[in-house]
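The values are calculated or read from the model by the stated rules, or taken from the named source; none is laboratory data. Everything numeric in this text was worked out from a predicted model, so none of it was measured. Methodologically, a virtual Cβ is constructed for each residue, glycine included, from the backbone with ideal geometry; neighbour enumeration extends over all protein chains shown.
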Amino acid sequence: MVMMISYLILAGNFYYLALSEKKQWFTYVTSSFLVAALFELMMLVNKVALFDSFLPLFFIGFFLFVVFGVTVPSLIRQSSRDVGMGVMVLPLLPSWLMYDWWETGVMFGLLALCFILGRKVEERSFYLEMITWVIPICYGLSTAAMFEEGKEWFDWSKEEVGPALNFIAGSVLLLLIEKTKRPAFFISQAFYLIGILYSFSLPVNDFIRVFILSGGMAISYLLYQQTKQKTVTYYVTLCSLISYITLVYAIHESSRFPLWLEEEQWVIGGAILIIVSYVLRRHEMELSTSFLYTAHVYLPAALLLTFFAFNNDGIWSFVIATLLYGLSVKLVSKEWILKTLLYGCCISLFVAISLYLIESGWSEYSFFVTSIVLAIWWGVSTKVWKERSTLFLIPFSMIGMLSMLTSYPFGGSMYLCLLLYGVGVLFLLHQQKWDFLVILPLMVMLAGSIQFSYVSTLLDTEGTMVLFAGLGLLSLFAGKKIYKGLTLLNAHMPFRYCDAYTVTAFLYVLFLYTVEPVGILLGILPGILICIFLWMQQPRVSPKLAWIPKFLAGSYLLEPYYQVLDLLTIPALFERELYVLPFIVLGIYLERCLKGAYSTLIQRIQWGILIGVALLLVQDGLQSNTVYDAIIVGTLSLLSILTGTILRIKSYFFVGSGVLLLNVVLQTRPYWGNLPWWAYLLLAGSLLISVASYNEWNKQKRAKGEIPKLEEIRRKVLLRLKTWK
């Protein structure tokens, strides 16, 4: 009692100082001594120890706030409100931590009442702004504390109900009593979010968790209606999706989930979101879009989970996903999103078909069958959808061809499907004007043909050669039919590229050289085909270069010619001639192909060929040293002289003459050493006399001003030779 009186006296003294000195801090000291006096009075009245309950301490602050801070007008009004508020806040945290729920609820309720009363007399702007947010927080926390106390009254299991419903109750109360005020509305949203988080982090009944999240959908939708923020729509869709997942979990835990829905349980969640998106499309476009996007972020994860959990049994999930992707394509307008959903539809279809074929034992045909289905869709769709589909179908089919190429076993049906696959891809590439990529399916088809020729028991050597020759001809004629030229230029590409069909045709024929031929005709078949292929390229190059494929075709005939020589038994007498004489024909053919161009170079080449052939023939004749060789070399020399004379070609004439003289000298060489000495003396003397007589005769003719006959003949011969090639 003495202490209370002392505190009151001190309070009075400081109040007097506040009146006289006009200093604000004296008022706060006055209010503090009033609190001390009230605390002493409360102890005397209630006879309660200090820490038995926190309510007496709270009521001291409440009394100071209401009486001296609001009701009684005085100098200490503001300080009483501030000090009283501090005293009231002080016991709140200990009371909450000690689980005194009903006391805590009462405290928060009275605290909210104090803020309401203080709002009428408060003049500080920051304080007024704070009050609008603190009042709903106090209401919500009061409700949460009282709801927790109510669990004891109704004997509810805390593990079944959990703390989450405390904040849910506070959120609902705020919506009911202050739904028109924005601070209270946002505080209500925060309380509900805390309740949702608590439902996952603290014990709660599974179906109650579903109930909480279902309410979260409604609460989040109200938030969207208030804010119209696009990001809030994803909060709505996330609550919806998690509600479905928790419902599935709750049903599983209760062991009441239908077995026929076991494999489709995850995909159904995405289906629900897409259906809701479709329903909301006319009235809530933003919300519809968020449902759609959330569904397609969730759907791949659901499909992966289904695949790894159920394997082949999850086929219907992928069928449903295919339908969902197809429906979603109609709900979007952005091109990149549309294409993404379209390709997702195609991939889901592929997985569904693959799972079915794996179950049936035909897994290696998954790509092929899917491409057929997509090709049918491509055929019936409009031009715009064809372009979109092609962007997926071409690379998908290329991967499918490689998959079939590497499958085992690689039999006749697989090879036939690979060829059909390749034809379809080529058709699409030409439709898209992507001719520079034609080489890819053609190479895969070539690789498939080679693999089939090695592993197949249906083909013998003749069958393999016929197959590759036929494919080579087919590829050649296809390239010639599709492209006019051998090299191409695409308007969309900065480089020229070659006709891939023609290149592949040559590769088919070149592969024939790896096959061991049976008989002469099959042995020369690759060379003949290459000659034909080269000959057919003349109209496909520029006129200035047309001689190149023409000459290459003629020159490559030497390859089958020499193959025939290797396969035939040729007499040694004619062997060297048959091997070297075609080079003379090749030189003549080169001149005809060039039609007078590069004449000087051609003449030098012909000189080189003739000299080389002549030396080889003479060397062969000397090596064998038979009369027949001499006759053959002499005959060929005479033919060369006659050819050079008739056609007026120097190289043939002089080389033929030289070879003829050399042949005579070499063949008569044994006889020159057997003549008597006087014969050599007679020949030398006759030669010297003839030369001297001829020189003297020329001097006499020149002295008379006449031209010697032999000189005149020499000049005519030289003039005539200048007209020769």
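Condition check: surrounded by 18 or more Cβ atoms within 10 Å (Cβ to Cβ), assigned by TED's automatic domain parsing to the domain that holds residue 350, assigned to a helix (DSSP H, G or I) and touching a residue at least 40 places away in the same chain (Cβ under 8 Å). Does residue 291 satisfy that?
Details: surrounded by 18 or more Cβ atoms within 10 Å (Cβ to Cβ): yes; assigned by TED's automatic domain parsing to the domain that holds residue 350: yes; assigned to a helix (DSSP H, G or I): yes; touching a residue at least 40 places away in the same chain (Cβ under 8 Å): yes.
Yes, satisfied.
Could you check residue 277 against (1) closer than 25 Å to residue 221 by Cβ; (2) not in a helix (DSSP H, G or I) and say which number it fails?
(2)
Name every residue in the range 472-523 that is at pLDDT 80 or above and assigned to a strand (DSSP E or B), in order of residue number.
Answer for the range 472-523, where residues must be at pLDDT 80 or above and assigned to a strand (DSSP E or B): just 498.
Residue 409 versus (1) part of a helix (DSSP H, G or I); (2) in contact (Cβ under 8 Å) with a residue 24 or more places away in the chain: which is the lone unmet condition?
Failed condition: (1).
Just to be sure, is residue 527 more than 26 Å from residue 426 (Cβ to Cβ), in contact with an Asp or Glu (Cβ under 6 Å, 6 or more places away or on another chain) and surrounded by 15 or more Cβ atoms within 10 Å (Cβ to Cβ)?
So residue 527 fits the description; yes.
Please determine, by comparing only the residues of the range 400-421 that are closer than 18 Å to residue 439 by Cα and either aromatic (Phe, Trp, Tyr) or out of contact with any helix residue (DSSP H, G or I) (no Cβ under 7 Å at 6 or more places or on another chain) (or both), which one is surrounded by the most Cβ atoms within 10 Å (Cβ to Cβ).
Among those residues, the one meeting the criterion is 421.
On the given criteria, is residue 333 crowded, with 20+ Cβ neighbours inside 10 Å and closer than 25 Å to residue 275 by Cα?
No; evaluated as a whole, the condition is false for this residue.
Yes or no: the range 475-488 includes at least one residue that is small (Gly, Ala, Ser) and loosely packed, with under 15 Cβ neighbours inside 10 Å. Show your work before the answer.
Step one: of the range 475-488, the residues small (Gly, Ala, Ser) are 475, 478-479, 485.
Subsequent filtering for residues that are loosely packed, with under 15 Cβ neighbours inside 10 Å retains 485.
Checked against the condition, which is being small (Gly, Ala, Ser) and loosely packed, with under 15 Cβ neighbours inside 10 Å, the range 475-488 yields at least one hit.
Of the residues that sit in the range 132-168 and are at pLDDT 75 or above and surrounded by fewer than 19 Cβ atoms within 10 Å (Cβ to Cβ), which one is nearest to the chain's Cα centre (by Cα)?
So in the range 132-168, the residues at pLDDT 75 or above come out as 132-150, 163-168.
Imposing the further condition that a residue be surrounded by fewer than 19 Cβ atoms within 10 Å (Cβ to Cβ) reduces the set to 132-134, 149-150.
Working: 132: 55, 133: 52, 134: 55, 149: 60, 150: 60 Å.
Per the stated criteria, the residue is 133.
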